Amino acid sequence: MSAACGHDHAPFDGMSDIYKRRLWLVIAINAGMFAVEMTAGQLARSQALQADALDFFADAITYGISLAVIGASLKTRSIAAAGKGLSLFLMGLWVFGSTIWRVFQGGVPEAPVMGLIGLLALAANVASVLLLMSYKDGDANVRSVWLCSRNDAIGNVIVMIAALGVWGTATAWPDLIVAGIMAGLFLYSSVQILSQSYREWRAGEAVTLSSSCCRTGKASCGSGHGHDHAHHAHRHP
């Protein structure tokens, strides 16, 4: 029965004061950049900047949820991660839809504004990535934080590439193409998060069952008929 009640080495679950402090700092960075980039994106008429601003907003919410469920059961953390994965999926769909709508609206974004804000956002995201680098291989809840930070850094690089494209072509197509790429990145990351959270939810079910067996002290939890066989052997040596 001791084997059934044993514990394997589990992924990092966020139970660290250092990790929590870093997470609070990253939340502040992302919330601030959401306000800056969304305002700049609207003024510059840049779909890519607005998509990246939404990514900052989603990250701030994601990190807040991650903090709230640290120390909770594996099932609770996996459900929270699934919620974040679903919201990322919906955001990706929204960016795709709004990008297609923008195709028919016309207008050329302000390339200098795109480049300047993209550079500022890249600096913010590089700082976030460096703060979270050591925790990229944790459970679904912790990993979702890392994936969001990574997405932001990648997004800022391609926003700056889009700014160069807009400046060089004097058209909105580079901006729209980058927004589409970012939407695809959101969808891909959401699938990764949802897949891992489902696996951990199933593992949480198994842990719950095992813990229940350990508390009741039933050997039958570990082996279906072990007790019956032992009793039969004792009666018939």
**OP:** Would you please report the Å³ per residue occupied by the convex hull of the alpha carbon atoms in the stretch 12-128?
**Re:** 88
Original post:
On the first, second and third principal axes, largest extent first, how far apart are the outermost C-alpha atoms of the stretch 17-203 in Å?
Top reply: 52, 29, 21
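Measuring with a 1.4 Å probe in the full set of protein chains, what accessible area per residue, in whole Å², belongs to the stretch 31-105? Could you put the intermediate results ahead of the total?
Details: 3200 Å² over 75 residues.
It amounts to 43 Å² per residue over the stretch 31-105.
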**OP:** Take the eigenvalues of the Cα gyration tensor for the stretch 126-199, scale each by 5, and report the square roots as semi-axes in whole Å, largest first.
**Re:** 29, 15, 5
Original post:
What's the carbon and sulfur percent of the stretch 17-203's accessible surface, probe 1.4 angstrom, rounded to a whole number?
Top reply: 73
Original post:
Taking the mean number of other Cβ atoms within 10 Å as a proxy for protection, how do you rank 40-51, 178-189, 111-122 from highest to lowest?
Top reply: 40-51, 178-189, 111-122
Original post:
Along its principal axes, what span do the Cα atoms of the stretch 52-92 show, with the longest given first and each in whole Å?
Top reply: 32, 16, 7
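The values are calculated or read from the model by the stated rules, or taken from the named source; none is laboratory data. Please read all numbers here as calculations on a predicted model, not as lab measurements. With ideal geometry, Cβ positions are generated from the backbone for all residues, glycine too; neighbour counts draw on all protein chains shown. When the accessible area is computed, the model is the full protein with side chains, heavy atoms only, and any ligands, DNA or RNA have been set aside. Shrake-Rupley method; radii C 1.70, N 1.55, O 1.52, S 1.80 Å.
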